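One structure is given below, encoded as structure tokens.
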Amino acid sequence: MHLGFRGCQAENLLDFLHSVETEYLFLVGDIVDFWSLQKSSYWPQQHTNVVRSILGKAKHGTKVIYVPGNHDEVMREYAGYSFGNVEIHLDYEHTTANGKKLLILHGDEFDTIVKHSQMIAKLGSWAYDMLLRLNQYVNIFRKLFKRNYWSLAKYLKLKVKNAVNYIGSFETALAHLANERKVDGVVCGHIHHAEIRHINSILYCNDGDWVESCSCMIEHDDGSLELVYWTEDYKNILLSKDHSEIDNQYVA
């Protein structure tokens, strides 16, 4: 989510949260961007409203599991505690409706740059911030011509060979962890690249973000998983099917 960061698409996130009722809600790290808050005090009302919406769901029966990431790693000190009915865990094992065991974690532990060099990681974060700001201007022009949102940052990541190799290595490392933990799959965030695919016998899932792609992963009542991109096109599809809300068991 990266609340506190100017690139957070809180308006779309709020729209999504108000449109769903779920049994479980998994927050897979980098919910509050403390790195950005150290540089500026940017915190608009919409970001407060997102927090209130999540706490409201927790108060009214949704089991909210919060697994902190590297941008909100200070919250890892409170693993095992609950705040406002929100449980904090370093990682979490979830069993789907069809009996599959999934390990849920943020994933930064398997990012060699974050693990070994905070300075390089923060420099990379700064460059990414600049790219996302440029992305905002690109999409202002796209909106003028009635074009859908498009992520320049995502496009460039997939065009740069080293970035593609890095994503592949990250995914393989997490699949190896899932094997070691004897679970059927892994759900993570961190690299902002939404995907559901099999790596050998392991189901690898990344739920993306609410900065570039406005994406999340949902589990349907039968245990099947789906990536949802909360765009105008997707909402129009829902309206055409006369669905007033998405009713699923779990959202990551």
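Results for (1) modelled with pLDDT of 95 or more; (2) part of a loop (DSSP other than H, G, I, E, B); (3) within 16 Å of residue 190 (Cα to Cα), shown as yes or no for each residue.
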site	(1), (2), (3)
68	yes, yes, yes
71	no, yes, yes
76	yes, no, yes
94	yes, no, no
113	no, no, yes
Problem - Subset of the stretch 1-38 that is polar (S, T, N, Q) and buried (at least 20 other Cβ atoms within 10 Å of the Cβ) - its residue that is nearest to residue 55 (Cα to Cα) - result: 22
Practice task
Collect the residues in the stretch 171-194 that are acidic (Asp, Glu) and either touching a Phe, Trp or Tyr at 6+ places or on another chain (Cβ under 6 Å) or at positive phi (or both), keeping them in residue-number order.
Solution key: 171
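Of all residues in the stretch 55-72, count the ones that are within 11 Å of residue 106 (Cα to Cα) and touching a helix residue (DSSP H, G or I) at 6+ places or on another chain (Cβ under 8 Å).
Going residue by residue through the stretch 55-72, those that are within 11 Å of residue 106 (Cα to Cα) are 66-72.
Now restrict to residues that are touching a helix residue (DSSP H, G or I) at 6+ places or on another chain (Cβ under 8 Å): 66, 68-72.
Total meeting the criteria: 6.
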Practice task
Look through the stretch 78-92, keep the residues that are at pLDDT 95 or above and of a type in the set (A, V, I, L, M, F, W, C), and return whichever of them is farthest from residue 56 (Cα to Cα).
Solution key: 90
Completion exercise
The one condition residue 102 fails out of (1) touching a Gly at 6+ places or on another chain (Cβ under 7 Å); (2) not in a strand (DSSP E or B) is (2)
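Has the stretch 119-130 got any residue that is among the aliphatic types (A, V, I, L, M), touching a helix residue (DSSP H, G or I) at 6+ places or on another chain (Cβ under 6 Å), at pLDDT below 70 and surrounded by fewer than 13 Cβ atoms within 10 Å (Cβ to Cβ)?
Pass one, the stretch 119-130, residues among the aliphatic types (A, V, I, L, M): 119-121, 123, 127, 130.
Now drop any that are not touching a helix residue (DSSP H, G or I) at 6+ places or on another chain (Cβ under 6 Å), which leaves 120-121.
From the residues that got through so far, the ones that are at pLDDT below 70 too are 120-121.
Going one step further and asking which of them are surrounded by fewer than 13 Cβ atoms within 10 Å (Cβ to Cβ), we end up with 120.
Checking the stretch 119-130: at least one residue is among the aliphatic types (A, V, I, L, M), touching a helix residue (DSSP H, G or I) at 6+ places or on another chain (Cβ under 6 Å), at pLDDT below 70 and surrounded by fewer than 13 Cβ atoms within 10 Å (Cβ to Cβ).
If you go through the stretch 49-59 one residue at a time, do you hit one that is more than 25 Å from residue 92 (Cα to Cα), in a helix (DSSP H, G or I) and modelled with pLDDT of 95 or more?
Going through the stretch 49-59, the residues more than 25 Å from residue 92 (Cα to Cα) turn out to be 49.
If we keep only those that are in a helix (DSSP H, G or I) as well, we get 49.
Those left that are additionally modelled with pLDDT of 95 or more: 49.
Yes, there is a match, as at least one residue in the stretch 49-59 is more than 25 Å from residue 92 (Cα to Cα), in a helix (DSSP H, G or I) and modelled with pLDDT of 95 or more.
Report, by residue number, each residue of the stretch 211-224 that is of a type outside the set (Ser, Thr, Tyr) and over 14 Å from residue 188 (Cα atoms). Show your work before the answer.
Initial filter on the stretch 211-224 (of a type outside the set (Ser, Thr, Tyr)): 211-212, 214, 216-223.
211, 212, 214, 219, 220, 221, 222, 223, listed by residue number.
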Handout entry: Members of the stretch 175-233 found to be exposed (fewer than 15 other Cβ atoms within 10 Å of the Cβ) and of a type in the set (Asp, Glu), listed by number
Key = 180, 221, 222, 226, 232, 233
Exercise for the section: Could you tell me whether the stretch 78-88 includes any residue that is surrounded by 17 or more Cβ atoms within 10 Å (Cβ to Cβ), outside any strand (DSSP E or B) and in contact with a strand residue (DSSP E or B) (Cβ under 9 Å, 6 or more places away or on another chain)? Expected result: no
Fill in the blank from the handout: Residues of the stretch 51-71 being β-branched (Val, Ile, Thr) and either more than 12 Å from residue 2 (Cα to Cα) or buried (at least 20 other Cβ atoms within 10 Å of the Cβ) (or both), in sequence order, are 54, 62, 64, 65, 67
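The values are calculated or read from the model by the stated rules, or taken from the named source; none is laboratory data. As the structure is a computational prediction, the values presented were derived from the model and not from experiment. No Cβ is skipped: glycine too gets one built from the backbone with ideal geometry, and neighbour counts run over all protein chains shown.
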